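Scroll down for the structure; my scribbles are underneath it.
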Amino acid sequence: MSDLPISYDIAGPVPKTTDELRQLVIDTATALSPGITTNLPGSLIEDMVSTSVGALVVCDQARVDLINSCSPYAANVHLLAQLGDMYGVQKGQGTNTSVYVVFSGPPGFAIPKGFMVGDGTYTYTVQRDTMIPESGQTEPVYCLATTGGSWAVPAGTVNQIKTSVPNTYNLTCTNLTAGLPGAQEQTFSSYRARYSRRVCTVYRERLTVTGLN
């Protein structure tokens, strides 16, 4: 099947007719066994030819469907991602809202990764181990929201310690700068449109290269 010529019209590849496929079977059989009679009604050979044509109809339609499935608007999500990689188009990934928090407390107090702070509405987790230095105040520590979504985080609002801390330690926190709102994950419909535009751009640029058009 792989060596069959492919005909295209405005809608894409065109399946071969049963007459074309039957003739292909007859030509192949004749080439392998010169003089063979394939159209004698009721014969075993004629029955095999008819059965082969039915199988080829299914195979040829599967080939057409496979070719059509490689288009931007027909590919399933897994194939779409692979096609996008080929053209350098990555699907936009979502990110949680984040904020940089400064901790103040007794020098030497350890703040492990996963330590939680909050602003009264949302909770954020520390993304790396840190420790209160001798100055009593850390550098800004990157914290990530525990829930997805995008919202504003004004400066000075992340000032609640959510992880339990012994009463003997006076630990406080705040964000000196505003947080970074999260980004929504790109939808597959939007990604399909981006990939389609990229394909058009590549082919348009290809036509401008001397010797390739």
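Quick note: the coordinates plus some simple rules give every number you see, no bench work behind them. Just so it is clear, the model here is predicted, and its values are computed rather than measured. Positions of Cβ are generated from backbone atoms using ideal geometry, with glycine treated the same way; all protein chains shown enter the neighbour counts.
Here are some notes:
- Using a cutoff of 8 angstrom between alpha carbon atoms and counting only pairs six or more residues apart, the relative contact order for the chain works out to 19 percent.
- Among 147, 37, 157, residue whose mean-square fluctuation peaks in a GNM of the chain (springs only between Cα atoms under 10 Å): 37
- Label-point gap, in nm, between residue 50 and residue 150 - each point 7 angstrom along Cα→Cβ: 6.3 nm
- Summed residue charge, Cβ within 14 Å of residue 39's Cβ, Lys/Arg positive, Asp/Glu negative: -3
- Ratio of Rg to Rh over segment 10-90 (Cα coordinates, Kirkwood Rh, two decimals): 1.22
- Calculated FRET efficiency, residue 14 to residue 203, Cβ-Cβ distance, R0 = 30 Å: about 0.90 to the nearest 0.05.
- Segment residue 159-residue 82, extension gain: residue separation times 0.36 nm, minus the distance between their alpha carbons: 23.3 nm
- Degrees separating the helix 44-68 axis from the principal Cα axis of the chain, which is the longest one: 30 degrees
- With neighbour counts taken as other beta-carbon atoms within 10 Å, the residues 58, 126 rank, fewest first, as 58, 126.
- Sorting 195, 100, 124 by the number of Cβ atoms found within 10 Å of their own Cβ, with the fewest placed first, yields 100, 195, 124.
- Kirkwood hydrodynamic radius of the chain, Cα pairs, Å: 23.7 Å
- The order of 162, 16, 91, 113, going from fewest to most other C-beta atoms within 10 Å of their C-beta, is 113, 162, 91, 16.
- Relative to the longest principal axis of the Cα atoms of the chain, the long axis of helix 77-86 lies at roughly 90 degrees.
- In degrees, nearest ten, helix 188-207 long axis to first principal axis of the chain (Cα): 60 degrees
- GNM remark for the chain: springs join alpha carbons under 10 Å apart, and the peak mean-square fluctuation among 181, 133, 72 falls on 133.
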